[in-house]
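The values are calculated or read from the model by the stated rules, or taken from the named source; none is laboratory data. Since the structure is predicted, the reported quantities are computational estimates derived from the model, not experimental observations. So basically every Cβ, Gly included, is an ideal-geometry build from the backbone, and we count neighbours across all protein chains shown.
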Amino acid sequence: MPTHPPARSPRPPHRPLIRPPARRQMDRREFLAWLGIGAGGIAAGGGLVWVLIHLLARRANDRLLAALATEAAATAQATPQPELPSPPIVARAAWGALPPDHTAPNENGFYDPETNPEGWRAYLPPLDGVYTTVVIHHAAFYEGDDLATLREIDRLHREDRGWADIAYHYLIGKGGAIYEGRPINVRGTHTAGYNTGTVGVCLLGNFMTEYPTEAALRATLDLLVWLAADLGLTHLAGHREFNPDTECPGTFLFPYLDVFAAAAGLARGTAGYIKPPEQ
Ligand SMILES: [Zn+2]
């Protein structure tokens, strides 16, 4: 009697011919070492990307600086100085500046050369007999957008510094908007010891850690060319040149001060500072 061959179970089609060695669990020490290598690799990779991004940003900034310097030289030669129109300026009310507070502790009441020399000082016209120097600042922070940053500066100057109003006369946004700060006929509070007769212009951002935008730089150029002509300015300085204990206006903005001065036909530095006569 023929016997049936024993039924075979079908061979699994995927059965490997060579079995992999059994996996051994990493022990705790090996796992930590592996984790360390992984984290080190990620950190090294991240570091490389960071270096690359910063090299590219620096190269773009160097090119922009060179291009604006060339344009500035041409502007200085081509611009007929008087009769320049004002660039568009966003008025105080449009960004939510509060009215001046004349009870502020550090700018209390109104100026009087004898009794209240630090008070709110509105210059008598003409202003081109008052101002000689424009001082460039940075905000040293940026909070979300221009308007939020402006309101925070306004708040800091009133509540923390005890001033009657925002310190600067003009502020420049990252997209190139020019904002009206303290009215231009009133003395600012932006440069300790040198506020009388200086215009304060502040670019929003922290230029110790970031480059200024091209839009902000171009807006600043437009503003300064106009201000220099309108107010008869002679000099341009960075805040740290007057007050060496500050980093303002930041290492990444500082090289542009030469460009601003060249475009506006101004000398660089603090030597033109003259306190206007008491009125
Ligand atoms: Zn400053």
Note to self: Only one of 114, 71, 118 is at pLDDT below 95 and closer than 17 Å to residue 222 by Cα. Can you tell me which?
What the structure shows: 71
Item checked: Unmet criterion (only one of (1) surrounded by 12 or more Cβ atoms within 10 Å (Cβ to Cβ); (2) free of Cβ contacts under 8 Å to residues at least 24 places away in the same chain; (3) farther than 30 Å from residue 262 by Cβ; (4) of a type outside the set (Phe, Trp, Tyr)) for residue 101 -> (2)
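Give the residues of segment 211-220 that are under 18 Å from residue 150 (Cβ atoms) and either away from the ligand (no atom under 16 Å from the Cβ) or in a helix (DSSP H, G or I) (or both), sorted by residue number.
Passing the criteria: 213, 215, 216, 219, 220.
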Margin query: If residue 146 satisfies all but one of (1) more than 14 Å from residue 183 (Cα to Cα); (2) of a type in the set (D, E, K, R); (3) within 16 Å of the ligand (Cβ to nearest atom), what's the number of the condition it fails?
Written below: (3)
Next item on the list: Tally the residues that are outside any loop (DSSP other than H, G, I, E, B), among the polar types (S, T, N, Q) and farther than 30 Å from residue 259 by Cβ, restricting the search to segment 107-139.
Entry: 1
Next item on the list: Answer yes or no as to whether residue 204 is touching a Lys or Arg at 6+ places or on another chain (Cβ under 8 Å), under 16 Å from residue 149 (Cα atoms) and within 16 Å of the ligand (Cβ to nearest atom).
Entry: yes
Notebook entry, point to check: Which of the residues spanning segment 188-245 are basic (Lys, Arg) and crowded, with 23+ Cβ neighbours inside 10 Å?
Noted result: none
Next item on the list: Go through segment 246-256 and give me each residue that's crowded, with 24+ Cβ neighbours inside 10 Å and away from the ligand (no atom under 11 Å from the Cβ).
Entry: 256
Notebook entry, point to check: For segment 221-245, which residues satisfy the criterion of being within 14 Å of the ligand (Cβ to nearest atom), in contact (Cβ under 8 Å) with a residue 24 or more places away in the chain and either in contact with a Phe, Trp or Tyr (Cβ under 7 Å, 6 or more places away or on another chain) or part of a helix (DSSP H, G or I) (or both)?
Noted result: 236, 238, 239, 241, 242
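One line per residue, one yes/no per condition, for (1) at pLDDT below 95; (2) on the phi < 0 side of the Ramachandran plot; (3) in a helix (DSSP H, G or I):
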{"residue": "250", "(1), (2), (3)": "no, no, no"}
{"residue": "254", "(1), (2), (3)": "no, yes, no"}
{"residue": "257", "(1), (2), (3)": "no, yes, yes"}
{"residue": "260", "(1), (2), (3)": "no, yes, yes"}
Margin query: Here's a check for you: in segment 177-201, which residue that is part of a loop (DSSP other than H, G, I, E, B) and among the β-branched types (Val, Ile, Thr) is nearest to the ligand (Cβ to nearest atom)?
Written below: 191
Checklist line | Scan of segment 140-176 for residues that are in contact (Cβ under 8 Å) with a residue 40 or more places away in the chain, closer than 16 Å to residue 105 by Cβ and outside any loop (DSSP other than H, G, I, E, B), ordered by number | finding: 158
